[in-house]
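Undergrad: Before anything else, here's the structure in question.
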Amino acid sequence: MTVLRETQTWRRPRKHVAFELSPEEQANVKRALKAIHSQVGGWRPLARRLRCSVEAVRKPAGNGIGSNSVPSPGLALRAAQVAGVPVEDILSGAWPRECSCPTCGR
């Protein structure tokens with residue numbers, strides 16, 4: 001039987017992420033989340049529509065404590081479904097347009 005003579009620590013390997021958003025795409029998703037937030041009337045209604053917790057939406061959107069969290073591709077997909085636009089429009093920054101009203105999107 002082998003006796004461990006030195007203290008060893010094991011770390012869990014980092015979870016493999018198959019697809020990550022680029023910094024530009026992350027900024028576009030954050031902008032889209034903020035636009036949808038103003039359309040639906042708050043973070044809680046938005047979280048209900050996205051089927052996730054309020055923190056899972058608020059942190060990637062860049063509001064509050066822990067705002068260094070990045071939006072996931074899944075969150076971008078669900079935001080596109082709620083907004084009724086293709087996910088490519090959100091990732092490319094085509095939606096919402098810079099000149100559009102944050103409330104109605106026109």
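The values are calculated or read from the model by the stated rules, or taken from the named source; none is laboratory data. Since the structure is predicted, the reported quantities are computational estimates derived from the model, not experimental observations. Methodologically, a virtual Cβ is constructed for each residue, glycine included, from the backbone with ideal geometry; neighbour enumeration extends over all protein chains shown.
Undergrad: Out of everything in the range 53-69 that is out of contact with any Lys or Arg (no Cβ under 7 Å at 6 or more places or on another chain), surrounded by fewer than 15 Cβ atoms within 10 Å (Cβ to Cβ) and under 21 Å from Glu25 (Cα atoms), what residue ends up being modelled with the lowest pLDDT? Write out each step before concluding.
TA: First, pick out the residues of the range 53-69 that are out of contact with any Lys or Arg (no Cβ under 7 Å at 6 or more places or on another chain): 53, 55-59, 63, 65, 68.
Pick out the ones that are also surrounded by fewer than 15 Cβ atoms within 10 Å (Cβ to Cβ) and you get 53, 55, 65, 68.
Keeping just the survivors that are under 21 Å from Glu25 (Cα atoms) gives 55, 68.
Numbers: Glu55: 90, Asn68: 70.
Looking at residues that are out of contact with any Lys or Arg (no Cβ under 7 Å at 6 or more places or on another chain), surrounded by fewer than 15 Cβ atoms within 10 Å (Cβ to Cβ) and under 21 Å from Glu25 (Cα atoms), I get Asn68.
Undergrad: May I pose another question? Filter the range 22-75 down to the residues that are closer than 17 Å to Ala94 by Cβ, within 10 Å of the chain's Cα centre (by Cα) and small (Gly, Ala, Ser) and list them by number.
TA: Residues satisfying the conditions are Ala27, Ala32.
Undergrad: What number of residues within the range 1-18 satisfy the criterion of being closer than 18 Å to Ser72 by Cβ and at pLDDT 80 or above? Steps first, answer last, please.
TA: Here is the first cut: in the range 1-18, the residues closer than 18 Å to Ser72 by Cβ are 14-18.
Cutting the leftovers down to at pLDDT 80 or above gives us none.
Total satisfying the criteria: 0.
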